[in-house]
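Scroll down for the structure; my scribbles are underneath it.
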Amino acid sequence: MKADDKKRLLAKVAYLYYVEDFTQAEIAQELNIYRTTISRMLKQARDQGIVTIQINHFNTDLFDLELRFKQHFGLKQVIIIPNYSGENNQQKEQRLSAAAARYLKQIIKPKSVVGFAWGAVLAGMVGQLHNTAKTDATFVPLVGGPSPSNSQYHVNGIVYDAARQFGGHSLFVDAAAVQESKYIRNGIMNSKYFNTIQYYWQHLDIAFVGIGGPLTNSSSRWRDLLTAADRDLLKERQAIGDCCCTFYNRHGKILTGDLLQRTIAIPLEQLKSVANTVGVAHSLTKAPSIKALLGMHILNTLIIDEETALRVLDL
């Protein structure tokens with residue numbers, strides 16, 4: 001077959017497939033060509049520039065960045081929201097919350113067990129949940145609560161509102177994330193009511209967690225529960241960030257000791273077995289914290305903004 005005739009045939013196949021919405025089987029019948037040949041010809045039409053595919057109204061550079069990020073860190077899913085000039089931090093958090101809410105609606109199934117840590121972005125998800133299907137899911141806190149001064153971000157409020165949106169059930173943790181002693185903490189976690197919480201921790205289908213930055217980052221709402229001695233020891237041990245109120249260093253080592261023994265939270269290692277462990281974070285100052293956590297393979301999904309994602313890759 002002459003080159004011009006071959007190109008014309010490739011163009012005809014592409015026209016029927018992309019413009020007229022023929023199936024490959026219908027094209028094979030129409031042109032009397034093997035079905036397997038049609039698939040190969042469609043690829044040739046793209047490779048030779050006979051067909052070009054353009055996606056309108058979306059920044060495909062973000063899709064490419066998501067793919068690079070996903071491959072680099074071995075993640076199951078990455079969602080990156082764009083940054084806009086002149087946008088303030090609150091607006092960015094609202095869009096991040098909206099992206100996280102959409103993803104929860106996408107992956108939740110009837111009877112799912114969904115865990116939440118807490119923070120401004122995770123709390124903001126609830127206000128972005130619209131037209132949700134009724135799932136009869138169970139929503140459970142992954143950490144204890146904040147101090148009274150940060151009660152608007154209390155994880156109990158997050159799970160209660162999420163359960164109401166999805167027609168599900170919620171459980172509560174009636175204790176602060178950090179206790180005065182490990183004996184008080186152990187008493188709470190060994191109590192009858194907390195056995196139910198831990199049962200659901202062992203059967204999580206979905207977990208949404210935030211990522212805290214270095215100790216100099218003032219945006220972490222729960223850290224007013226730390227004592228001066230806690231802070232001094234964390235600085236000495238070079239804490240780079242926290243997840244579920246559990247600190248780690250830049251090498252991804254969990255900082256065990258007195259503070260962790262006083263902390264009410266799901267063990268990070270336990271999150272590795274959850275089908276969908278979703279981290280939601282932004283901020284350039286958190287980039288080293290995000291990178292270290294990704295290296296620990298706790299998360300399999302990340303929702304992040306473009307600017308922060310690029311900084312994490314640069315590190």
Quiz item: Using the heavy atoms of the protein chains alone and a 1.4 angstrom probe, what is the accessible area of the chain per residue in square angstrom?
Solution: 52 Å²
Quiz item: For Gln48 and Tyr199 in one chain, what is 0.36 nm times their gap in residues minus the Cα-Cα distance, to one decimal in nm?
Solution: 48.6 nm
Quiz item: Within segment 171-190, whose backbone N sits under 20 Å from a point 7 Å along Cα→Cβ of Asp232?
Solution: 179-182
Self-check item: Radius 11 Å from Cβ of Phe194, net charge of other residues (Lys, Arg +1; Asp, Glu -1)
Solution: +1
Quiz item: How would you classify segment 105-202 from its alpha-carbon gyration tensor, with a ≥ b ≥ c the square roots of the eigenvalues: rounded for a/c under 1.5, else prolate if a/b is greater than b/c, otherwise oblate?
Solution: oblate
Quiz item: Which percent of the Cα-Cα distances in segment 1-51 go past 12 Å?
Solution: 59 percent
Quiz prompt | Proximal aspartates and glutamates relative to Lys291, as straight alpha-carbon distance under 13 Å, when same-chain residues fewer than 8 apart are discounted | solution = Asp242, Asp314
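Rounded, prolate or oblate: which fits segment 152-205 when a ≥ b ≥ c are the square roots of the eigenvalues of the alpha-carbon gyration tensor, with rounded for a/c under 1.5 and prolate only if a/b beats b/c?
On the way: a/c = 2.93, a/b = 1.58, b/c = 1.86.
The shape class here is oblate.
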Self-check item: Dipole of the chain, positive end: most advanced residue of Ala275, Pro82, Leu42 [Cβ charges, Cα centre]
Solution: Leu42
Practice problem: Pop the C-beta distance of Tyr18 and Gln91 into the FRET formula with R0 = 41 Å and round what comes out to the nearest 0.05. | Solution: 0.60
Quiz prompt | Solvent-accessible surface (1.4 angstrom probe) belonging to Arg95, in square angstrom, nearest 10 | solution = 60 Å²
Exercise. Within segment 1-35, which residues have the backbone N less than 18 Å from the label spot 7 Å out from Asn56 along Cα→beta-carbon, could you tell me?
Key: 18-21
Quiz item: All other residues with a Cβ under 15 Å from the Cβ of Asp64 taken together, and with Lys, Arg as +1 and Asp, Glu as -1, what is their net charge?
Solution: -1
Quiz item: By its C-alpha gyration tensor, with a ≥ b ≥ c as the square roots of the eigenvalues, how is the chain shaped: rounded for a/c under 1.5, else prolate for a/b larger than b/c, else oblate?
Solution: prolate
Quiz prompt | Percent accessible area from carbon and sulfur atoms, segment 159-315, protein chains only, probe 1.4 Å | solution = 49 percent
Quiz item: Which one of Ile184, Ala133, Phe166 has its Cα pushed farthest toward the positive end of the charge dipole of segment 121-207, where Lys and Arg give +1 and Asp and Glu give -1 at the Cβ?
Solution: Ile184
Quiz item: What is the gain in length, in nm to one decimal, between Lys76 and Lys192 on full extension, counting 0.36 nm per residue of separation less the C-alpha to C-alpha distance?
Solution: 38.2 nm
Quiz item: When Lys and Arg each count +1 and Asp and Glu each count -1, what net charge do the other residues less than 10 Å away from Gly241, Cβ to Cβ, add up to?
Solution: +2
Quiz item: Where does each of 289-302, 15-28, 54-67 land if you order them by average Cβ count within 10 Å, highest first?
Solution: 289-302, 15-28, 54-67
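The values are calculated or read from the model by the stated rules, or taken from the named source; none is laboratory data. Values in this document were obtained by computation on a predicted structure and should not be read as measured data. Every residue, glycine as well, gets a Cβ built from its backbone with ideal geometry; the counts of neighbours run over all protein chains shown. Note: accessible area is taken over every heavy atom of the protein model, side chains too, but ligands, DNA and RNA are not part of it. Shrake-Rupley method; radii C 1.70, N 1.55, O 1.52, S 1.80 Å.
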